[in-house]
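The values are calculated or read from the model by the stated rules, or taken from the named source; none is laboratory data. Computed from a predicted structure; not experimentally measured. Note: ideal-geometry Cβ built from the backbone for every residue, glycine included; neighbour counts use all protein chains shown. The area values use the complete protein model at the heavy-atom level, side chains included, leaving out ligands, DNA and RNA. Shrake-Rupley method; radii C 1.70, N 1.55, O 1.52, S 1.80 Å.
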Amino acid sequence: MRVKTNISKDSLKFIDEFDGSKSDIYKYCCPVCLRYFNHILVSSCCHNYICRLCIGEMAKKAKTTPSYVIRCVHCMNDEFKLTDVNPKDAPKDYTDTPAKFRSTAQ
């Protein structure tokens, strides 16, 4: 696993709960920790998101546990790259709320 990012840790911002405000800033949701970010990483294997906080926790575990292999949390591939999401692409929507189901079913 390799991470290639042009975003500094200082410019990374997140919120734990999203109320709809500031959706232009916090438009990326990490499907692992469910936080909303102003920047996020995308995997080369399955093109799903993971945030720097989650991948950082995995890297810490890999340093302390020699047998631990960092795998993509979505497809379990162990040979993948993480890169910054292209800000021109529409953000992935990982929400599965009942309200969304009602609005699309009608």
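Couple of notes before you dig in:
- Contact order normalised by residue count of the chain, Cα under 8 Å, 6+ apart, percent: 30
- Trypsin sites (Lys or Arg not before Pro) within the stretch 12-77: DSSP coil, no more than 15 neighbouring Cβ in 10 Å: 13, 22, 71
- Rounded percent of accessible protein surface that carbon and sulfur make up, the chain, 1.4 Å probe: 51
- Max-minus-min Cα coordinates of the chain on each principal axis give 50, 31, 24 Å, with the largest extent listed first.
- Principal-axis tilt of helix 52-64 within the chain, Cα atoms, nearest 10 degrees: 20
- When only the Cβ of Lys, Arg, Asp and Glu is charged (+1, +1, -1, -1), the dipole of the chain relative to its Cα centre reaches about 260 debye.
- Ignoring the sites themselves, the chain has its longest run without chymotrypsin sites (Phe, Trp or Tyr not before Pro) in a DSSP loop having at most 13 other Cβ atoms within 10 Å at 1-67.
- Look at the dipole of the chain built from charges on Cβ: of 32, 58, 75, the Cα furthest out on the positive end belongs to 58.
- Taken per residue, the accessible surface of the chain reaches 70 Å², heavy atoms only and a 1.4 Å probe.
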